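Trainee: Dumping the structure here so I can ask a few things about it.
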Amino acid sequence: MSAITEAIPGEFPRLVLDCWMLSHPGYGRENNEDAIRCWLPESGKQSGMWDLLALVADGIGGHSSGEVASGIAAETILRLANELDDSPSEVLRRSFTAANAAIIERGRGDPACVGMGTTCTLLALSAGALFLAHIGDSRAYFLRDGQLRQLSEDDSLMAQMVRRGLLNEKEAARSRDRHILLHALGTEEIPALTVWQEGLPVQGGDAFLLCSDGLTNFVDDSDIASAIAAMAARDACNALCEAALKAGGTDNISLGVFKVAADTSATDSATSCLGAALSQ
């Protein structure tokens, strides 16, 4: 595990970010089918559209194919997000659509990858605003003034039934069908994406979380909020991962915490710390 220092440029007040991501295979899986990625602009250089790109992808398909799908999604999306020239929402939509096509193409050409797919949830900062792109049941959360709210909406059968009033959240959590996804990259020719057209203005003291369901299936929202509010990004990630493991930890656990410093008045430089533990 390593740390690097980066600068976030822009015409807006510079955001001082504390960022950390990690992924743990958990106790019940031979492979880690999750993928985590975080991109920051090079120190001291203008980077174009983005100040931050971060994603969590949770592969599905069994054996090694889920890992293949999540890896394709992560690499394709981050590459194209930095190559395409369009509005933030269109860049993210086109990047996700291309990743979907790449996963389908790989599945058609490799019998071991037939039927694979992946969730993918991405947060992006551009010009002082936060954008979301999402498909599946990995999640994005936003913490402001101690209040945690889920930004993404689960593309799962149980979540849909809760939204329609057919089940409550406790009944859905106990259901044997709670892992059934309605949408994922690689499972349909035209992916049912959620992409924000407008960004959410960010201010000092805000924090964001990306995570796979290996965290949220074992750790309550209240505990998530407490850890993020009280700890630095790295410590919060470690504490939440440990909490998921203690609660069972039978799935891959992936998460990233991104905290905006309360003082955003920096003028000459803005630093952020990124760490990634791809497996433990």
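The values are calculated or read from the model by the stated rules, or taken from the named source; none is laboratory data. Remember, it's a predicted structure, so these values are computed and weren't measured experimentally. We place every Cβ from the backbone using ideal geometry, glycine too, and count neighbours over all the protein chains shown.
Trainee: Looking at segment 74-97, is at least one residue surrounded by fewer than 21 Cβ atoms within 10 Å (Cβ to Cβ), in contact (Cβ under 8 Å) with a residue 12 or more places away in the chain and within 20 Å of VAL260 (Cα to Cα)?
Mentor: no
Trainee: So ARG93 passes all but one of these: (1) in contact with a strand residue (DSSP E or B) (Cβ under 8 Å, 6 or more places away or on another chain); (2) assigned to a loop (DSSP other than H, G, I, E, B); (3) among the charged types (D, E, K, R). Which condition number does it fail?
Mentor: (2)
Trainee: Look through segment 221-273, keep the residues that are more than 25 Å from ASP137 (Cβ to Cβ) and among the aliphatic types (A, V, I, L, M), and return whichever of them is modelled with the lowest pLDDT.
Mentor: ALA270
Trainee: Do we have ALA173 as assigned to a helix (DSSP H, G or I), of a type in the set (A, V, I, L, M, F, W, C) and surrounded by fewer than 17 Cβ atoms within 10 Å (Cβ to Cβ) here?
Mentor: Yes; evaluated as a whole, the condition is true for this residue.
Trainee: Let me ask you something else. List every residue pair whose Cβ atoms sit under 8 Å apart, with the two residues 6 or more apart in sequence or on different chains, where the first one lies in segment 153-175 and is in contact (Cβ under 8 Å) with a residue 24 or more places away in the chain and the second, anywhere, is of a type in the set (Asp, Glu) and surrounded by fewer than 11 Cβ atoms within 10 Å (Cβ to Cβ).
Mentor: LEU157/ASP177
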